[in-house]
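The values are calculated or read from the model by the stated rules, or taken from the named source; none is laboratory data. Not measured: the values here are computed from a predicted model. Positions of Cβ are backbone-derived with ideal geometry, glycine not excepted, and every protein chain shown enters the neighbour counts. Please note that ligands, DNA and RNA were not included when accessible areas were found on the heavy atoms of the full protein model with its side chains. Shrake-Rupley method; radii C 1.70, N 1.55, O 1.52, S 1.80 Å.
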Amino acid sequence: LAWWIWVTTWSNAMWEMYFGWSNLVYIGAAYALGSTPFLILTSFRHYCIYMATFAYRQPPVAHGTLMRDSKLYKTIALMHLSKRLLPLVQLPRDIPGLALAAVGFSITILATMQLGMVRTYFGSELGFVKPQWISGFPYNTIPHPMIVGQLFAYSSILMWWRDEMPIETAALVCGHMACYTAHMVQEMLTSSY
């Protein structure tokens with residue numbers, strides 16, 4: 001019996017750490033509403049998390065939950081996009097388009113590496129780590145490189161596959177770009193750094 005208590009306690013802790021019961025309920029409810037609501041409710045949730053957290057910093061935020069939920073919904077959003085975009089890719093014709101998108105996503109990854117995960121998810125703004133000026137690439141070259149990298153990647157995708165892309169997929173990509181732009185403006189207008 002003791003082993004069973006240990007297994008269930010450990011399993012529940014791991015589930016909460018990496019996924020969360022509330023996320024299971026949210027994703028299940030979104031799925032029950034149908035394919036279009038599921039797509040919308042799970043593609044843009046991480047932006048809501050970013051913007052709400054950045055705007056309302058009090059009461060104190062559960063930073064681990066913020067990072068878990070942001071990464072989970074960003075992953076789901078990328079899966080939605082991949083499902084719609086990968087069938088459009090034809091090699092070797094599309095290597096330049098893939099390279100352009102990779103440049104944008106690489107800028108974002110480099111920016112994350114410079115900041116570290118805690119600072120990437122507002123660690124300084126929320127008081128979890130001491131503010132620190134980041135001067136390495138891409139921060140020494142590109143303003144707001146995390147968001148600019150994403151915008152470059154998504155605009156490259158729109159430009160390269162514009163003729164083959166269904167209007168719904170183009171709207172999805174534009175929605176991501178609009179949300180990133182809104183969050184960047186929010187950071188520029190309200191950040192103390």
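Report in % the part of the accessible area of the stretch 51-108 that belongs to carbon and sulfur, leaving out ligands and nucleic acids; probe 1.4 Å.
Numbers: 2270 of 3170 Å².
Carbon plus sulfur share of accessible area: 72 percent.
Scaling the Cα radius of gyration of the chain by the globular reference 2.2 N^0.38 Å produces a ratio of 1.15.
Figure note: CYS179, CYS48, CYS174 ranked by solvent-accessible area, largest first, 1.4 Å probe, ligands and nucleic acids not counted: CYS48, CYS174, CYS179.
Can you give the accessible area per residue of the stretch 101-191, in Å², using a 1.4 Å probe?
Details: 4750 Å² over 91 residues.
With the other protein chains kept in place, the stretch 101-191 gives 52 Å² per residue.
Applying both filters, DSSP loop and at most 16 other Cβ atoms within 10 Å, to the trypsin sites (Lys or Arg not before Pro) of the stretch 14-101 gives ARG57, ARG93. Once every DSSP H run of n ≥ 4 in the chain is given -39500 (n - 2.57) and the sum is divided by its residues, what mean residue ellipticity at 222 nm do you get, rounded to the nearest 500 deg cm²/dmol? Roughly -23500 deg cm²/dmol at 222 nm, from the helical runs in the chain.
Against the criterion of solvent-accessible heavy-atom surface with a 1.4 angstrom probe, TYR180, TYR26 sort, most first, into TYR26, TYR180. In order along the stretch 77-92, the Karplus-derived 3J(HN,Hα) couplings, from 6.51 cos²θ - 1.76 cosθ + 1.60 at θ = phi - 60°, round to 4, 5, 5, 4, 5, 4, 4, 8, 8, 4, x, 7, 6, 10, 8, x Hz, and Gly and Pro are given as x. Could you give the distance between the Cα centres of the stretch 24-80 and the stretch 172-193, to the whole Å? Spelled out, the Cα-based centre of one part sits 16 Å from the other.
Of all chymotrypsin sites (Phe, Trp or Tyr not before Pro) in the stretch 55-130, which ones are in loop regions per DSSP and have a Cβ with at most 14 other Cβ atoms within 10 Å? Mind showing how you got there, number by number?
On the way: sites: TYR56, TYR73, PHE105, TYR121, PHE122, PHE128; in loops: TYR56, TYR121, PHE122, PHE128.
Those that pass, being in a loop and sparsely packed, are TYR56.
Take the Cβ atoms of ARG162 and TRP10, set R0 to 45 Å, and the FRET efficiency comes out at 0.35.
Other residues within the sphere of radius under 14 Å centred on the Cβ of ALA55, judged by their own Cβ, net out at -1 (K and R +1, D and E -1).
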